[in-house]
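Every number here is computed from the coordinates shown, using simple stated rules; none is lab data. These numbers come from a predicted model, not from an experiment. Neighbour counts run over all protein chains shown; Cβ positions are idealised from the backbone, glycine included.
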Amino acid sequence: MIGGIVLAYPFWSAGYAGLQQGRLTQALAQSAVVFDNAVRAETATIDAIHRRQDRLAALASLFAKQLKPGSPVGTLRIPRIGVIKVITEGEHRPPSLGIGNDQQYLRSGPTHYGLTPLPGAGQPFAVAGHRTTYGAPFFKLNLLNRGDVIIVSMPYARLVYAVDKETRVAPSDISVLADRGYDLVLTTCDPPGWASKRLIVWATLVRFTLR
């Protein structure tokens, strides 16, 4: 009986994550409408910003105001490993690369470490994801090579990143969340099914398109 429950768990958790992704997709569309209204209310201020990078940062800051833990953030696409997932917002308090504040959100999909900036607002935009359960969105993260494309679509911009490198750290090492040399950081447990190490993929922003 117990063995059957253990064997069924990955399938059950994947089904749960799938349902949650559907819910988050709908919520993200609604969030985009709310954000569009916020942008219209700030049109004069935003139009006065002429440098594209500064406008990106201003839009990111405006969008951040409507985010709460559990809210949809944007969509993550990693073509090489077939990932297309809605990102969930994590807690806005000190996070952990191990068992920490964001475990409940990770069951729905990749989760933004809430104390790191949104894309375009600073470095790095850090996202965690499960390696084996709940749909295992980052199961193949180790297959990424230097130069592989990662795309993050936000209500305010579409950002394209290129993979620079991968590293492995201790589960308790949260220093990667403070590294200012890279624009995007993806984290997951390593090896699959264990948490003896943390696999980190580092990427740099290549280009972006404002929405």
Peptides ranked, highest mean first, by Cβ atoms within 10 Å: ranges 102-111, 159-168: 102-111, 159-168
Using Cα atoms only, what is the angle between the long axis of helix 2-41 and the major principal axis of the chain, expressed in degrees (0 to 90) to the nearest 10? 0
Length-normalised contact order of the chain, Cα under 8 Å, at least 6 apart, in percent, tallies to 19
For the chain, what is the calculated [θ] at 222 nm in deg cm²/dmol (nearest 500), taking -39500 (n - 2.57) for each run of four or more DSSP H residues and dividing by its residue count? -9500 deg cm²/dmol
Within segment 2-210, pairs of Lys residues whose Cα atoms are less than 24 angstrom apart, provided they are eight or more positions apart or on distinct chains, add up to 8
Averaging over every viewing direction, what projected area does the convex hull of the Cα atoms of the chain cover, in nm²? 11.5
